[in-house]
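*Asks:* Below are the C-alpha cells for one structure; questions will follow.
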Amino acid sequence: MDFDVITAKIPVASLTKGLNACLVIFQGAPMGQRHSLEPVSALVIGRSEECDVSLDSTALSRRHCEVRCLGDRVVLTDLGSTNGTAVNGEFAIGERQLVDGDLIAAGDAVLKFLASDSQENAYYKRLHHLSITDSVTLSHNRRHLMTILEREVDRAERYGRQLSLVLLDADHFKDVNDQYGHMAGDLVLRGLASLIHDNLRSSDQLGRYGGEEFAIVLPEADLQGAVALAEKIRGLVEDFVFDSEGQTIRVTISAGVTAFEPNTTVKELIARADEKLYVAKDGVETGWWASARGRWLRTPSGRSRAAPLPASPWPPP
C-alpha cells in the first residue's frame with residue numbers, strides 16, 4: 001500500500017517567539033533542565049546553592065563560571081575554577097563568545113547553549129515543561145514535586161530555614177467519578193489545582209501527589225502559617241461550585257500539615273503530613289490536623305488534644 005507523505009514547514013519565528021537564549025543541562029543532574037537567559041543578565045554556574053545554576057558535583061568550584069547576555073551576544077567567563085571550563089572541548093581563557101549549540105563543560109557537567117531563535121530551544125522548553133507537569137491538573141507532577149521537596153529539605157537543614165508541607169485530599173472523590181464520570185472528575189481536579197495555585201505565593205510549589213491528593217511545599221513558612229493556608233484553601237473549596245457541562249459539583253477537602261524539624265528526612269516529613277491527613281479523614285468530613293513537637297491540634301472544631309494554634313495570616317507578613 002502506498003502512502004502520500006505531506007510535510008509542512010513551520011516558520012521558525014512561530015516556534016521561537018518570546019524565547020530567551022538558554023542553557024540546558026546536557027549531562028549531569030538534573031539532565032534536561034532549562035535555564036533561561038534574560039536580556040542583559042547573567043547566570044553563575046557552580047556547586048553553591050547560591051548560584052543561578054546549582055549543580056551537586058565535587059568537580060565544580062563553588063562559583064565555577066558565568067554566562068552573561070550582553071544585548072545581541074552571549075559570553076562565557078571562567079571564574080577562576082579549579083578544574084577550568086571548556087567550550088566544545090577547548091578550555092576557555094578569558095571571555096569566550098558563545099554561539100548556538102556550543103557545549104560547555106564545567107567539572108563533570110555539560111551544558112548546551114541555545115540561542116533565542118533556535119528551534120532546538122523551543123523543543124527543549126516544551127520537553128522540559130512536559131517532563132515536570134501533570135497532564136490532568138497542570139500542576140507539578142510527583143517526580144518534580146519530590147525533586148523540589150528534596151531541595152527545600154536540604155536547604156532548611158543546611159541553613160536553618162523554615163519549611164512546611166501540606167497534603168490535601170478531596171473527600172469521597174470516588175463518588176464524584178461514579179456520579180458524574182471521570183471526565184468531570186478530571187475537570188474538578190484541574191479546577192482544584194487552579195484554585196489552590198491562585199492562593200499561593202510565588203515561592204510556594206504545588207504538585208499532584210497522586211490520585212486526588214495534592215502537596216504544597218512552603219519554603220519560609222512555619223506551622224502556623226501553613227495551617228492558616230490550609231484553612232483558607234479548605235474554606236475556598238467548600239464554597240466553590242465546579243461546573244461540568246451544566247452540572248454543578250461541590251467537593252470538600254481534608255489536609256494534613258507539618259513543619260520541618262532538624263534531622264528530618266523527606267520521607268519522614270511526608271509520613272508526618274500523611275499521618276495527619278489520615279486522622280483528618282478518619283470519620284471527619286472535612287478538616288485538618290497539624291503537629292507541633294508531638295502535640296495534636298485540629299480546627300475549626302471537633303476532637304482536640306491540645307489548644308488550637310494561634311491565628312496566623314496567609315500569606316505571612
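*Asks:* Taking just the C-alpha trace of the stretch 203-248, give me its Rg and Dmax in Å.
*Replies:* 13.5, 41
*Asks:* While we're on this one: Quick one: dipole size for the stretch 89-170, taken about the Cα centre, charges +1 on Lys/Arg Cβ and -1 on Asp/Glu Cβ, in debye to the nearest 20. Present the calculation step by step, with values, prior to reporting the outcome.
*Replies:* Details: 10 positive and 13 negative charges, 58 e Å.
Magnitude of the dipole: close to 280 debye.
*Asks:* When Rg is the radius of gyration of the Cα atoms in the stretch 121-259 and Rh is its Kirkwood radius, what does Rg/Rh come to?
*Replies:* Rounded to two decimals, Rg/Rh equals 1.00.
*Asks:* Hey, if you drop one equal point scatterer on each alpha-carbon of the stretch 151-202 and run the Debye formula without solvent, what base-10 log of I(q)/I(0) do you get at q = 0.20, 0.22, 0.32 Å⁻¹?
*Replies:* -0.79, -0.85, -1.16
*Asks:* In addition: Hey, can you rank 122-130, 210-218 by average C-beta count inside 10 Å, highest first? Before the final figure, lay out the partial values.
*Replies:* On the way: 122-130: 15.0, 210-218: 21.7.
Highest-to-lowest ranking by the protection proxy: 210-218, 122-130.
*Asks:* What does the accessible area per residue of the stretch 157-202 come to in Å², with a 1.4 Å probe and no ligands, DNA or RNA counted?
*Replies:* Each residue of the stretch 157-202 exposes 54 Å² on average to a 1.4 Å probe.
*Asks:* Still on this structure, I have one more. Sorting Met183, Met146, Met31 by accessible area (1.4 Å probe), largest first, what list results?
*Replies:* Order by accessible area, largest first: Met183, Met31, Met146.
*Asks:* Taking all protein chains together and a probe of 1.4 Å, list His140, His197 from the most accessible to the least accessible.
*Replies:* From most exposed to least exposed: His197, His140.
*Asks:* Return the carbon/sulfur percentage of the accessible area of the stretch 23-182, one whole number, probe 1.4 Å, all protein chains in place.
*Replies:* Answer for the stretch 23-182 is 49 percent, counting heavy atoms of protein chains only.
*Asks:* Another question, then. Could you pull the accessible area for Tyr159 with a 1.4 Å probe, rounded to 10 Å²?
*Replies:* Approximately 100 Å² of Tyr159 is accessible to the 1.4 Å probe.
*Asks:* Kindly sort Val53, Val110 by accessible area of their heavy atoms, largest first, with the probe set to 1.4 Å.
*Replies:* Putting Val53, Val110 in descending order of accessible area: Val110, Val53.
*Asks:* Related question: Given the stretch 189-290, what whole percent of its Cα pairs are spread farther than 16 Å?
*Replies:* 59 percent
*Asks:* Binned at 5 Å from 0, what are the whole-percent values of the Cα-Cα distance distribution for the stretch 97-169, short to long?
*Replies:* 3, 12, 13, 14, 15, 16, 13, 8, 3, 0, 0
The values are calculated or read from the model by the stated rules, or taken from the named source; none is laboratory data. Since the structure is predicted, the reported quantities are computational estimates derived from the model, not experimental observations. Note that each Cβ is placed from the backbone with ideal geometry, even for glycine, and that neighbours are counted across all protein chains shown. The protein model used for the area step is the full one, side chains on, heavy atoms only, and it has no ligands, DNA or RNA in it. Shrake-Rupley method; radii C 1.70, N 1.55, O 1.52, S 1.80 Å.
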